Amino acid sequence: MDKNLIQRTISGLVYVAVIILCTTPLGAQLINKIHPDLIRQEYLYFGLISLLLLVGTWECIKIMKFGKGYEKWIVLPLVIFIYYVFSKRYFHHDFFFDFRLNEILAISLIAIAVVTLFKYPNELYYDSGKLIFTVIYVALPFSFALGLPKFSSFEGTFSLEVLFLFILIWSSDTFAYLTGKFFGKHKMAPKISPKKTWEGYAGGVVLTLILSYFVEHYQPELRGNWMVVGFLVAAFAPLGDLVESQLKRNFGVKDSGNIIPGHGGVLDRLDSFLICVPVVYLYFILEKFI
């Protein structure tokens, strides 16, 4: 058997296991069997997102090849500060999903950063542009991710929104790949991602909607309507992949890192997650007013 396949399989299983343990009550339950009341699930989730944030920031700094100016040295402090602001709301459970100006502005900045990457890439060759893009592209999505699960420390509950978001993203990628492989003829973005086709995109949307129907039917306690979430994931997950592909292409980089053997870096694995999180977060805001 191919050694690379074995490596990819093992590291992939470890990656999925870590996601499951940190986004469901199972993680805390297993740890607390060893030592009662050692940790709460919300801390495991916060630790996971914090680790992904730090590694993702480092990878983005390496991809964009900062110069010797001051910008390189203030990226991480700015990212940590923004994340800290959201972290305070996380631990005080202050994500009420209303129309706060700073949240709408943050989501708008993510959209502007994506447009800049595709339409005005020369702006990112300046260290100031690299600084702004890194902070927006990494800090804001991971910060918004803190607001997706609902939990109660008193009742010992932790909801599964993030787990099912990951499942829908994984299924969307898989369905789009398989549909494109067997039926794909029309390239979506041949210069950025040659293997992506419109047929694959359509297949990913349809099959992810079918899966999201079962999520909505069997997980009624989740926030929002998961048919809508499934559509948003299937529609925007490919954009996340294209954004990271375009970023690496602009700077002549193959992989964002090698922290996950055989799969690349954090940004390689979470490219769709970074775009889907703010979109789903925005939906959760709007859903309260519909």
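The values are calculated or read from the model by the stated rules, or taken from the named source; none is laboratory data. Everything numeric here is computed off the predicted structure, so don't read it as measured data. Glycine also receives a Cβ, built like all others from the backbone with ideal geometry; neighbour counts cover every protein chain displayed. Side chains are part of the model used for accessible areas, which takes the heavy atoms of the whole protein and leaves out ligands, DNA and RNA. Shrake-Rupley method; radii C 1.70, N 1.55, O 1.52, S 1.80 Å.
Trp226 contributes an accessible area of around 0 Å² to the protein surface, as traced by a 1.4 Å probe with all chains present. Compute the Cα gyration tensor for the range 1-108, then decide on rounded, prolate or oblate, letting a ≥ b ≥ c be the square roots of its eigenvalues: rounded whenever a/c is under 1.5, prolate when a/b is larger than b/c in the other cases, and oblate in all that remain. Because a/c hits 1.5 or more and a/b fails to exceed b/c, the range 1-108 counts as oblate. Placing +1 on each Lys and Arg Cβ and -1 on each Asp and Glu Cβ, with no other charges, gives the chain a dipole about its Cα centre of roughly 900 debye. Quick check: from the Cα gyration tensor, does the chain come out rounded (a/c under 1.5), prolate or oblate? Rounded, since a/c falls under 1.5.
A straight line joining the Cα centroids of the range 245-260 and the range 42-116 runs 19 Å. Amide hydrogen proximity for Lys196: with H placed 1.01 Å from N in the peptide plane, the residues at 5 or more positions away or on another chain lying under 5 Å are Met188, Ala189.
At the residue level, Phe231 shows approximately 100 square angstrom of accessible surface with a 1.4 angstrom probe and all protein chains present. Amide H contacts under 5 Å for Thr157: Ser152, restricted to partners 5 or more places along the chain or on a different chain, H placed in the peptide plane at 1.01 Å from N. Ranking of Met227, Met64, Met188 by solvent-accessible surface, largest first: Met227, Met188, Met64 (1.4 Å probe, protein heavy atoms only, all chains present).
Given a 1.4 Å probe and the protein chains as shown, Ile136 ends up with an accessible area of around 20 Å². Largest first, the residues Phe46, Phe166 sort by 1.4 Å accessible area into Phe46, Phe166. Gain on full extension, evaluated as 0.36 nm per residue between Val14 and His93 minus their Cα-Cα distance, stands at 25.5 nm. The slack between Asn225 and Tyr125, meaning 0.36 nm per residue of separation minus the straight C-alpha distance, is 31.9 nm.
A simple count of charges around Ile167, restricted to other residues whose Cβ falls under 15 Å of its Cβ and scoring Lys, Arg +1 and Asp, Glu -1, yields -2. Relative contact order of the chain, taken over Cα pairs closer than 8 Å and 6 or more residues apart, is 22 percent. Put Lys130, Lys119, Lys187 in order of accessible area, highest first, and with a 1.4 Å probe you get Lys119, Lys187, Lys130. Normalised by 2.2 N^0.38 Å, where N counts its residues, the alpha-carbon radius of gyration of the range 87-152 equals 1.32. Estimated from the Cβ-Cβ distance and a Förster radius of 22 angstrom, the FRET efficiency linking Phe214 and Thr174 is about 0.90. Protein heavy-atom accessible surface, 1.4 Å probe, per residue over the range 133-181: 33 Å².
Atom-type composition of the exposed protein surface of the chain places 68 percent of the accessible area on carbon and sulfur (1.4 angstrom probe). Considering only GluC sites (Glu not before Pro) in DSSP loops that have at most 14 other Cβ atoms within 10 Å, the longest stretch of the chain without any of them is 1-154. Fully extending the segment from Leu30 to Trp73 would add 11.6 nm, taking 0.36 nm per residue of separation and subtracting the current Cα-Cα distance. In the chain, helical runs assigned H by DSSP with n ≥ 4 each contribute -39500 (n - 2.57); averaged across all residues and rounded to the nearest 500, the mean residue ellipticity at 222 nm is -23000 deg cm²/dmol.
Here the dipole of the range 226-290 is about 60 debye; that uses its Cα centre as origin and unit charges on the Cβ of Lys and Arg (positive) and Asp and Glu (negative).
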